[in-house]
Amino acid sequence: MNNQRITIASQSYCAWALWCLMVFCVSSKAAIEFETRTDAAEWKLTSSKLECRLTHAVEGFGEAIFLQEAGEPPHFLLTAESPHMKAGKASLVASPPPWLKAGAISLGLVKVEQTKEPILIGERLTKRMMSELQKGFNLRFTRKSWYGNQQQVKVTLSGIGFNKSYREYNDCLAQLLPMSFRKLERTTVYYRKDENELSEETVSMLDQLVQYIKIDPTVKAFYIDGHTDSSGLRSDNLTISEQRAKMVQTYLVDKGIPEEAIVVRWHGERYPVATNQNEEGMAKNRRVTIRLSKEPPEVVKPKEVKPKPEDGEGKTEETS
């Protein structure tokens, strides 16, 4: 009797172990799917004159974001609360909802990084993705998980509610500023020989700069540096570079930029960016640069520069 019980118990244990093994094999190959419930799916717009952002929360995974910043092309970003996907290439497929009689469309492969921002997509494919969502299609990324070669991770973006938010997104695009911080961070304006006022081109560039600065509160400091070519006396060039830099400073202050946020420096002929052996090079050296910073201004103490013998008396120059 005891032997019979042992035999039955052994058979039961073997059956249980086999069942567990089968479940493990199936589950190890099953995909891990992330998708927001239909009744909770939505696209939210965040808008300003600096950027337009369409965000879709993916339950349990992170966020899908369509983003266009002022003066920049649109791009798509998939964020993750924790890394799930293995680095490599993910397939991207546009799939119709059940009520649409259409086939799935492959949009190709996209690069995956094993980070909390695993997928970043450029302008061309971003626009195609938006086009498919407008049709009511869902978008699905599929990639192997980093914690198991046989297991796939699938992330689905719902097309539900996209059209309404996309119309608002387009309205936002219409009021974006024409330039971004990246493009305005370093601006150079040029001046002609013996020019005593700002040219129309320079004024236009400075107005664009002022327009951006008044919208972006993160800009804290402005560094203005005056330069000249090497023609004439060194001391005269130092004075000219100071005058040019201060002309730009005065214009910005008159337009409402706080004077205490501006650091003005002048260098004369000391830092050429081109040869001074011809007119073309000299024209590039006669310049004023404006650099924006998101850190508070740092004031650099003036450094005395000894003049050449023919310069006469010395002059103080501020260095960068």
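Can you pull out the strands (runs of 3 or more DSSP E) entirely within region 113-210 that have at least 2 residues that are farther than 18 Å from residue 78 by Cα and either of a type outside the set (A, V, I, L, M) or free of Cβ contacts under 8 Å to residues at least 24 places away in the same chain (or both)?
On the way: elements: 119-121, 138-145, 148-157, 186-190.
Fully inside region 113-210 and qualifying: 148-157, 186-190.
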Exactly one of 136, 88 is out of contact with any strand residue (DSSP E or B) (no Cβ under 6 Å at 6 or more places or on another chain) and either of a type outside the set (Lys, Arg) or surrounded by 15 or more Cβ atoms within 10 Å (Cβ to Cβ) (or both), and that residue is 136
Could you please find all residues in region 211-223 being in a strand (DSSP E or B) and surrounded by fewer than 21 Cβ atoms within 10 Å (Cβ to Cβ)?
221, 223
Looking at 95, 106, which is the one that is of a type in the set (S, T, N, Q), over 29 Å from residue 184 (Cβ atoms) and surrounded by fewer than 16 Cβ atoms within 10 Å (Cβ to Cβ)?
106
Within region 227-283, residues being in a loop (DSSP other than H, G, I, E, B) and charged (D, E, K, R) number 4
For residue 231, which of the numbered conditions (1) at pLDDT below 95; (2) touching a strand residue (DSSP E or B) at 6+ places or on another chain (Cβ under 8 Å); (3) among the polar types (S, T, N, Q) fails to hold?
(2)
Kindly check whether there is at least one residue in region 241-264 that is crowded, with 20+ Cβ neighbours inside 10 Å and touching a residue at least 60 places away in the same chain (Cβ under 8 Å).
no
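The values are calculated or read from the model by the stated rules, or taken from the named source; none is laboratory data. Remember, it's a predicted structure, so these values are computed and weren't measured experimentally. As a convention, Cβ positions derive from the backbone with ideal geometry for all residues, glycine included, and neighbour counts pool all protein chains shown.
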